[in-house]
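Shown below is the structure under consideration.
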Amino acid sequence: MITTPITGDLLRGALELEQTDRGLLPHRLPAWARTQYDDGQMSMVESQPSGVRLVFRTSATVVELDTVPSKRDYVGAPPRPDGVYDVLVDGELVTQLTAPGGDVITIDLMTGATETRPGQPETLRVAGLAAVPKTVEIWLPHNETTQLVALRTDAPVEPVPAARRVWLHHGSSISHGSNATHPTGTWPALAAAQGGVELVNLGFGGSAYLQPFIARTIRDTPADLISLKLGINIVNSDGLSLRSFTPAVHGFLDTIRDGHPYTPLLVVSPILCPIHENTPGPTNWDLSALAAGELRFTATGNPDEIPAGKLTLSVIRAELARILTQRALTDPNLHHLDGRELYGETDNLAHPLPDDLHPDGPTHQLIADRFSQYAFGPKGAFVGAAGQTAQ
């Protein structure tokens, strides 16, 4: 077996690689941004490699990858399934693997206390591949922080130069892939496959608050196409009022446009979420469901405070539509999509959100199909767009 160093030219979807004492840790935010916001939730989700994949060309019949995954164990809740590694050959999914070992992080949702139990590296092995030149992709688990230790094959590997347009997407846990069952089953990964583009997924679970450091990261990252899915986390956290939300959106878009003045930019408002359509945040755990061993969410805000500026999804959609209509007068490459076109009232009846906040696997597919039609279809926002990358 040949051991090949894992370097940046074999990885896609990560913005930075950190060498640790145990392996190579992909990050979806650069170090300067991580140091600006030393938040436990953001630290966890940006290191979860949603959309990050190893890509190489080889004639190998056997591929082995050693990793150290980080499992999350929520006290009182059912055990979470192991993260899934999707293995694609020439674009086709050929097998799915799991790494049952690794580190375990125990989280008490009632107190916020955490405890980490270190584990050992795991070896993932794919055998029986055809001994012909082929492109192999290993998509890392979208919901497990994963350190890469070693890559071994029985034939040499070489990088695959990226030839397709780069689509950078930013959003919340839904974009990150919450409740999707495997990494190529998140709606951005599905949409990227349908659109024939290279995905950079900056969807961060519970962490999309119009932060300036994220706007600066997008500004400085080369991309041919950009989309933003904004709003739900701001309601979840009860973090902004209507008075502060409006300038925050303008500032976020202004910063992105500093680096991507002509790149097609699609802003998507929140999909339907009944608990927050007309009830402000914050969002809390449903303690009665938690006592029964289920993870569900509930809205705890007061609708009577909406006239004073409290935000709901209905308020955010209306304000985003107004802002984007105004800006589009001088920005012809700016596009807007009401999130209910991706998942609306009729869809909620057929495919209710299992935890009252996040879509399940089949609904990720539904959202991807609709987004692809709007963005990459015959009259889509991204069709024929050459885009301009940041300089």
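The values are calculated or read from the model by the stated rules, or taken from the named source; none is laboratory data. As the structure is a prediction and not an experimental result, all values here were calculated from the model. When we count neighbours, we look across all protein chains shown, and the Cβ atoms used for this are built from the backbone with ideal geometry, even at glycine. Each accessible area value is taken on the protein alone, full model and side chains, heavy atoms only, with ligands, DNA and RNA left out. Shrake-Rupley method; radii C 1.70, N 1.55, O 1.52, S 1.80 Å.
Please determine whether any residue of the stretch 55-63 is of a type in the set (K, R), over 19 Å from the mean Cα position of the chain (by Cα) and under 22 Å from R164 (Cβ atoms).
The answer is yes; a qualifying residue exists.
So, one more: When you go through (1) free of Cβ contacts under 8 Å to residues at least 60 places away in the same chain; (2) in a loop (DSSP other than H, G, I, E, B) one by one for D258, which number turns out not to apply?
It is condition (2) that D258 fails.
What residue, of R216, R164, is of a type outside the set (S, T, Y) and closer than 24 Å to I6 by Cβ?
The match here is R164.
Something else about it: Here is a check on your reading of the model: is G377 more than 15 Å from G171 (Cα to Cα), modelled with pLDDT under 95 and either touching a Lys or Arg at 6+ places or on another chain (Cβ under 6 Å) or surrounded by fewer than 19 Cβ atoms within 10 Å (Cβ to Cβ) (or both)?
It is true that G377 is more than 15 Å from G171 (Cα to Cα), modelled with pLDDT under 95 and either touching a Lys or Arg at 6+ places or on another chain (Cβ under 6 Å) or surrounded by fewer than 19 Cβ atoms within 10 Å (Cβ to Cβ) (or both).
Of the conditions (1) on the phi > 0 side of the Ramachandran plot; (2) crowded, with 22+ Cβ neighbours inside 10 Å; (3) not hydrophobic (A, V, I, L, M, F, W, C), G196 fails just one. Which one is it?
Condition not satisfied by G196: (2).
Another one. Among L337, L320, L342, which is surrounded by 19 or more Cβ atoms within 10 Å (Cβ to Cβ) and touching a His at 6+ places or on another chain (Cβ under 9 Å)?
L320
To continue, here is another question. Go through the residues of the stretch 354-375 one by one and say whether even a single one is among the acidic types (D, E) and touching a Pro at 6+ places or on another chain (Cβ under 8 Å).
Scanning the stretch 354-375 turns up at least one residue that is among the acidic types (D, E) and touching a Pro at 6+ places or on another chain (Cβ under 8 Å).
Inspect the stretch 281-290 for any residue being open to solvent by less than 30 Å² (accessible area, probe 1.4 Å), without any contact (Cβ under 8 Å) to a residue 12 or more places away in the chain and at negative phi and give the result as yes or no.
Within the stretch 281-290, one or more residues are open to solvent by less than 30 Å² (accessible area, probe 1.4 Å), without any contact (Cβ under 8 Å) to a residue 12 or more places away in the chain and at negative phi.
Continuing with this model, one more query. Which ranges mark the strands (runs of 3 or more DSSP E) fully within the stretch 143-234 that have 2 or more residues being farther than 23 Å from G339 by Cβ and modelled with pLDDT of 95 or more?
146-153
Listed here are the residues, each with its yes/no results for (1) touching an Asp or Glu at 6+ places or on another chain (Cβ under 8 Å); (2) closer than 17 Å to V149 by Cβ; (3) open to solvent by less than 50 Å² (accessible area, probe 1.4 Å).
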| site | (1), (2), (3) |
| --- | --- |
| Q41 | no, no, no |
| Q48 | yes, no, yes |
| S70 | yes, yes, yes |
| L88 | yes, no, yes |
| I107 | yes, no, yes |
| M110 | no, no, no |
| R117 | yes, no, no |
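Assess whether V75 counts as being within 20 Å of the chain's Cα centre (by Cα) and more than 18 Å from S178 (Cα to Cα). Talk me through it step by step, then tell me what you get.
Working: within 20 Å of the chain's Cα centre (by Cα): no; more than 18 Å from S178 (Cα to Cα): yes.
The answer is no for V75.
Let's see how each residue does on (1) under 26 Å from T145 (Cα atoms); (2) touching a residue at least 12 places away in the same chain (Cβ under 8 Å); (3) open to solvent by 10 Å² or more (accessible area, probe 1.4 Å):
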site	(1), (2), (3)
D224	no, yes, yes
N233	yes, yes, no
L240	no, yes, yes
P247	no, no, yes
P264	no, yes, no
P274	no, yes, yes
N278	no, yes, yes
